[in-house]
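Here's the structure we're looking at; comments come further down.
Only the coordinates and a few stated rules stand behind these numbers; no lab work does. Please read these numbers as outputs of a predicted model, since none were measured by experiment. With ideal geometry, Cβ positions are generated from the backbone for all residues, glycine too; neighbour counts draw on all protein chains shown.
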Amino acid sequence: MERVDELLSITGWQSEPQEIDWNEVERKFEISLPVDFKEISELFGHGAFSGYLKVLPVNGADPEGMLGRWNSMRECADKTPLSGPFDPYEVFHGEIGLILWGNSMTEAQYFWLANASSSPEKWPIVARTSPLDDWHQFDEISTSEFICRILKDPEFRPFSISRKVERPFFEAYR
């Protein structure tokens, strides 16, 4: 994908792609995930862009990974009466709802507004700069484009870090 190639280029990242059993991951979510996210996960692995934006690992055993965080979000939403921590959204549970795919070192959170009846490439990205801040919804933007804009676009407020980090990089977690 073009924007994934751009992420590789602007970060200078080179690594052997990782094999991920997407059938198993998507079986647990009960939905397909965006193709560019899969490519990012395979090419970059677990780590952070510019020491800031962390794409969650898809390892099912990791409580801090996508599946672990999704399960804890569902539990939290189930226990919270009326308006919960994700209001006005719901956590994805088969129809329409949030799936957390990344976060930042300053508590920003990045979700897809997943919809079982539409292509994952059409899902909006819903984000907030901290769990107590307002939501921002971005329609018709891929995961890789969203990450590129955070890293490079000074006008992509309030999420951009381009004025703070001169040259984007990727740091792998081991």
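Return a whole-number percent for the relative contact order of the stretch 63-125, with Cα pairs under 8 Å and 6 or more residues apart as the contact set.
After rounding, I find 22 percent.
Evaluate E = 1/(1 + (r/R0)^6) for Asp78 and Lys122, where r is the Cβ-Cβ distance and R0 equals 30 Å; express this FRET efficiency to the nearest 0.05. Working shown, then result.
On the way: r = 27 Å, r/R0 = 0.92.
Here the calculated transfer efficiency is 0.65.
What are the residues whose amide H is under 5 Å from the amide H of His46, where those residues sit 5 or more places off or on another chain and H is modelled from the backbone?
Those qualifying (amide H under 5 Å, at least 5 residues apart or on another chain) are Tyr173.
Between Glu166 and Asp62, what is 0.36 nm times their sequence separation minus the Cα-Cα distance? Round to one decimal in nm. Can you show the working numbers first?
Working: separation 104, 0.36 × 104 = 37.44 nm, distance 3.20 nm.
Full extension from Glu166 to Asp62 adds 34.2 nm.
Between Arg157 and Ser130, what length comes free when the chain is fully extended (0.36 nm per residue of separation minus the Cα-Cα distance, one decimal in nm)? Write out the running numbers ahead of the final one.
On the way: separation 27, 0.36 × 27 = 9.72 nm, distance 1.37 nm.
Roughly 8.3 nm would be gained on extension.
For the chain, with a Gaussian network of springs between Cα atoms less than 10 Å apart, report the residue from Gly45, Gly84, Gly65 with the top mean-square fluctuation.
Gly84
Once you put a point 7 Å from the Cα of Asn23 and another 7 Å from the Cα of Glu6, both along the Cβ direction, what distance in nm separates them?
Taking the two extended label points, one gets 3.4 nm.
Under 14 Å from the Cα of Lys79, which aspartates and glutamates turn up, not counting those fewer than eight places away in the same chain?
Asp87, Glu90
Return a whole-number percent for the relative contact order of the chain, with Cα pairs under 8 Å and 6 or more residues apart as the contact set.
Values: 287 pairs, mean separation 41.8, N = 174.
Relative contact order of the chain: 24 percent.
Just for the stretch 71-118, what percent of DSSP beta bridges are antiparallel, to the closest 5? Each step should come with its number before you reach the end.
Values: 7 of 8 bridges.
For the stretch 71-118, the DSSP antiparallel bridge percentage is about 90.
So between Glu30 and Ser15, what do we pick up on full extension, going 0.36 nm a residue minus the alpha carbon distance? Intermediate results must be reported in sequence, preceding the final value.
Numbers: separation 15, 0.36 × 15 = 5.40 nm, distance 2.97 nm.
My answer for the length gained is 2.4 nm.
Calculate how steeply helix 66-79 sits against the longest principal axis of the alpha-carbon atoms of the chain, using the helix alpha-carbon long axis, and give the answer as 0 to 90 degrees to the nearest 10.
30
Roughly how tilted is helix 35-44, in degrees to the nearest 10 and between 0 and 90, from the longest Cα axis of the chain?
50
Averaging sequence separations of C-alpha pairs under 8 Å and six or more residues apart, then dividing by the length of the stretch 93-174, give the relative contact order as a whole percent.
On the way: 119 pairs, mean separation 14.2, N = 82.
Rounded, it is 17 percent for the stretch 93-174.
Tell me the angle of helix 2-11 to the major Cα principal axis of the chain, expressed in degrees between 0 and 90 and rounded to the nearest ten.
60
Please sort by residue number the GluC sites (Glu not before Pro) in the stretch 14-119 whose DSSP state is loop and whose Cβ has at most 16 other Cβ atoms within 10 Å. The partial results should precede the final answer.
Values: sites: Glu19, Glu24, Glu26, Glu30, Glu39, Glu42, Glu64, Glu75, Glu90, Glu95, Glu107; in loops: Glu19, Glu30, Glu64, Glu90, Glu95, Glu107.
Of the GluC sites (Glu not before Pro), the ones in loops of the stretch 14-119 whose Cβ has at most 16 other Cβ atoms within 10 Å are Glu19, Glu30, Glu64, Glu90, Glu95, Glu107.
At a Cα cut-off below 29 Å, give the lysines reachable from Lys152, other chains included and same-chain residues fewer than 8 away excluded.
Cα-Cα hits under 29 Å: Lys38, Lys54, Lys122, Lys164.
Roughly what % antiparallel, to the nearest 5, for the DSSP beta bridges in the chain?
Bridges in the chain that DSSP calls antiparallel: roughly 95 percent.
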